[in-house]
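Working notes, beginning with the structure itself.
The values are calculated or read from the model by the stated rules, or taken from the named source; none is laboratory data. Here the structure is a predicted model, which means the values were calculated and not measured. For neighbour counting, all protein chains shown are included, and Cβ atoms are generated from backbone atoms with ideal geometry for every residue, glycine included.
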């Protein structure tokens, strides 16, 4: 799996968020998009996810030499971000079951095992609306990490997590994401310290 950006740029009205991005991401490697708050890291990540079209240039996706259309890339992408909400009327178990109905989870673990891994087994049947912000973030990470997808996109993945949550995050990456293409958008060193390559959004202004 590769994601190739060629002279990619995005603007809102007359303001360019990023321009002239030429970069290729490869499966099995991890990357960090860095930069100050409000600099456009999330916009670049959403463009890579194909949830937002670039204003110039293009983004191409391929498995080996077979190209994947922008309309179908969602099948290969999982994402966790603060602006993506969970369904609060569902329990943790119901939410993961619902998610698995349109994007399969890894076959190596069951939903009950996933809930135990993220430390929510005692509240598995409790509605998510009663969860703390940290518990909700654990569910967001779980649906992204355990999706059977080649590409894992993480936008500020440790938002609302305490020290135990940070440790869980790193354990999930280490145990379940070795063969994925990982891109982390963050300015927190502890969220991206495992990344092999860092890209500053400020280089593309």
For this session: Identify all residues within the range 3-39 that are closer than 15 Å to residue 153 by Cα and buried (at least 18 other Cβ atoms within 10 Å of the Cβ); write none if there are none.
Result: 3, 25, 30, 31, 32, 33, 34
Seminar exercise, completed: Per the filter on the range 94-107, residues part of a loop (DSSP other than H, G, I, E, B) and touching a residue at least 40 places away in the same chain (Cβ under 8 Å) are 103, 104, 106, 107
Exercise. Within the group 83, 31, 61, 74, which residue is modelled with pLDDT of 95 or more and either assigned to a loop (DSSP other than H, G, I, E, B) or farther than 18 Å from residue 201 by Cα (or both)?
Worked result: 61
For this session: From (1) out of contact with any helix residue (DSSP H, G or I) (no Cβ under 6 Å at 6 or more places or on another chain); (2) modelled with pLDDT of 95 or more; (3) in a loop (DSSP other than H, G, I, E, B), pick out the condition that doesn't hold for residue 113.
Result: (3)
